[in-house]
Amino acid sequence: MKRSGFTLVELIITIVMGGIIFLAMGSQFVAESRFRAALKNEISALEEARLAINHMARTMRFAVPSTVTITSGGNYSIVLGAEIEGGHISSVPGRSPVSYRRYAADNTLEYILSGGAPAVIASNITDFNCTWDNTKSELTIKLTTEVKGERNYLETKIRALGP
């Protein structure tokens, strides 16, 4: 007499194999979502640094060359300061003192306009360097970001157009 259906052993083997396949697919999904999250964090840090360096370039382009200063010390690894000529910042007419500084305790880059409160314009900035070439009225700005041990560098040169 022929019976139709599955034996208990066949059912157990099928369930175990299905579980193994399900666990393999699940672990692949978890690994992919972790990779995407890490990539998103790195891209976000780079985008933030790029926006910060563009902000600095737009602002410092109108610096009065004789007022550009680069100092360091205290809680700030470096402070870049200058006076911006001609009301190029809409909220402040005439000459406006501005400065950028990297706060070493939390790796943030801050922007200060006319002695006001500092505004954070970027995070994850592990290094901020500036050099001023007085003969060319040229400012070189370098930013370094680091996310999970991966360092990225951004650099720009700005020619001051102030009087």
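Please specify each residue of the range 131-157 satisfying the condition of being at pLDDT 90 or above, among the aliphatic types (A, V, I, L, M) and either over 24 Å from Ala38 (Cα atoms) or out of contact with any strand residue (DSSP E or B) (no Cβ under 6 Å at 6 or more places or on another chain) (or both).
Leu139, Ile141
Is there any pair linking a residue in the range 94-114 that is in contact (Cβ under 8 Å) with a residue 40 or more places away in the chain and within 22 Å of Thr144 (Cβ to Cβ) to one that is crowded, with 17+ Cβ neighbours inside 10 Å and of a type in the set (Lys, Arg), with Cβ under 7 Å and at least six apart or on different chains, and which?
Pairs that qualify, where the first residue is in contact (Cβ under 8 Å) with a residue 40 or more places away in the chain and within 22 Å of Thr144 (Cβ to Cβ) and the partner is crowded, with 17+ Cβ neighbours inside 10 Å and of a type in the set (Lys, Arg), are Leu109/Arg102.
How many residues does the range 1-44 contain that are under 30 Å from Lys148 (Cβ atoms) and of a type in the set (D, E, K, R)?
Result for the range 1-44: 5.
Out of all the residues in the range 28-48, is one or more over 30 Å from Ser123 (Cα atoms) and assigned to a helix (DSSP H, G or I)?
Checked the range 28-48: at least one residue is over 30 Å from Ser123 (Cα atoms) and assigned to a helix (DSSP H, G or I).
Mind listing just one residue for me: the one in the range 74-98 that is touching a Pro at 6+ places or on another chain (Cβ under 9 Å) and surrounded by 15 or more Cβ atoms within 10 Å (Cβ to Cβ) and, of those, modelled with the lowest pLDDT? Reasoning before the result, please.
Of the range 74-98, the ones touching a Pro at 6+ places or on another chain (Cβ under 9 Å) are 81-87.
From the residues that got through so far, the ones that are surrounded by 15 or more Cβ atoms within 10 Å (Cβ to Cβ) too are 81-85.
Numbers: Gly81: 90, Ala82: 90, Glu83: 88, Ile84: 85, Glu85: 78.
If we take residues in the range 74-98 being touching a Pro at 6+ places or on another chain (Cβ under 9 Å) and surrounded by 15 or more Cβ atoms within 10 Å (Cβ to Cβ), then Glu85 is modelled with the lowest pLDDT.
What tally of residues in the range 1-54 results from selecting those that are under 30 Å from Leu113 (Cβ atoms), of a type outside the set (S, T, N, Q) and modelled with pLDDT of 90 or more?
4
The values are calculated or read from the model by the stated rules, or taken from the named source; none is laboratory data. Just so we're clear, the structure is a prediction, and the values are computed from it rather than from any experiment. So basically every Cβ, Gly included, is an ideal-geometry build from the backbone, and we count neighbours across all protein chains shown.
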